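Trainee: Structure below; questions to follow.
The values are calculated or read from the model by the stated rules, or taken from the named source; none is laboratory data. Since we're looking at a predicted model, the values are computed, not measured. Here the Cβ positions follow ideal geometry from the backbone for every residue, glycine too, while neighbour counts run over all protein chains shown.
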Amino acid sequence: MALTINQYLTQSRAASITRLVIGLVTALAVTLSLFWLMQYLIETADRTLNDDGAGNLVDFVRVKRDEAIERRQLKPKKPPPPDSPPPQPPTPQLDNLNPDAQKVAISAVPVETDIEMTGGFSLGVGEGDYLPIVKVAPIYPNRALTRGIEGFCVVQYTVTRQGTIKDPIVVESQCTSSLFHRASINAALKFKYKPRIMDGEAVEVPGVQNKFTYEITE
């Protein structure tokens, strides 16, 4: 039984050595074949590139474009000749004047100078009612503009003897929104008036009112 196992191990070892030798020989052959194939491909590729690229070079020369700009000189047009002046009228002859000719009587045109004006204005000497000279439009408040609020506001003030404005107040019952108060008063303070003249002296006019209308226009 021991001899049989030894023989079996000997045969197995011999078979392993044989397979190893055959594998080494086969690997060596495959390696040499691959080296030869790579060398062949390299030589063939170099020869193909040398043959194909021999006559494919293109030589070109860039020609600089002439960028000179020719400017046309426009000559001004000749103005048309002036029209000939009209002939002068003949000189009147003064030799045949008759000094005894009848004179033409022309009556004066009737003109009425009486002017009647109403509304508190007076054209007497040194008298006259107040007149607006400068009126400034108010600036639309941003809060009312963004909310789309429209309306009006009445401001009451006093016209001074210098034609300026003092003591402006808002008439609450005649103002649609409190958003218009400040803008209306600021605009009224910029008004200028011709002061009221009585007996040759300027006087103040209290209780003057002005209505400011606020409308959004597109």
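Trainee: Name the residues in the range 157-195 that are part of a loop (DSSP other than H, G, I, E, B) and either among the β-branched types (Val, Ile, Thr) or under 35 Å from the mean Cα position of the chain (by Cα) (or both), would you? Working first, answer last.
Mentor: First, pick out the residues of the range 157-195 that are part of a loop (DSSP other than H, G, I, E, B): 160-164, 176-177, 189-191, 195.
Across the range 157-195, the qualifying residues are THR160, THR164, THR176, SER177, LEU189, LYS190, PHE191.
Trainee: Now, a different point. From the list LEU74, LEU3, LEU49, which one is of a type outside the set (Gly, Ala, Ser), in a loop (DSSP other than H, G, I, E, B) and modelled with pLDDT under 70?
Mentor: Details: LEU3 fails: in a loop (DSSP other than H, G, I, E, B); LEU49 fails: in a loop (DSSP other than H, G, I, E, B).
Step by step, each of LEU74, LEU3, LEU49 is checked, and only LEU74 is of a type outside the set (Gly, Ala, Ser), in a loop (DSSP other than H, G, I, E, B) and modelled with pLDDT under 70.
Trainee: Pull out all pairs, ordered by first then second residue, where Cβ-Cβ is under 6 Å, the residues are six or more apart or on different chains, the first lies in the range 178-196 and is over 23 Å from GLY128 (Cβ atoms), and the second is assigned to a helix (DSSP H, G or I) and among the aliphatic types (A, V, I, L, M).
Mentor: LEU179/ALA144
Trainee: Within the set of pairs 6+ apart or on separate chains, which have a first residue in the range 137-158 that is outside the structural domain of ILE185 (by TED's automatic domain parsing) and within 16 Å of VAL170 (Cβ to Cβ), a second that is assigned to a strand (DSSP E or B) and aliphatic (A, V, I, L, M), and C-beta atoms under 7 Å apart?
Mentor: Here the result reads none, with nothing in the range 137-158 linked to a residue that is assigned to a strand (DSSP E or B) and aliphatic (A, V, I, L, M).
Trainee: Another question about this same structure. If I go through the range 124-156 residue by residue, how many of them are assigned to a strand (DSSP E or B) and either in contact with an Asp or Glu (Cβ under 6 Å, 6 or more places away or on another chain) or more than 20 Å from ARG196 (Cα to Cα) (or both)?
Mentor: Summing the residues that are assigned to a strand (DSSP E or B) and either in contact with an Asp or Glu (Cβ under 6 Å, 6 or more places away or on another chain) or more than 20 Å from ARG196 (Cα to Cα) (or both) in the range 124-156 gives 4.
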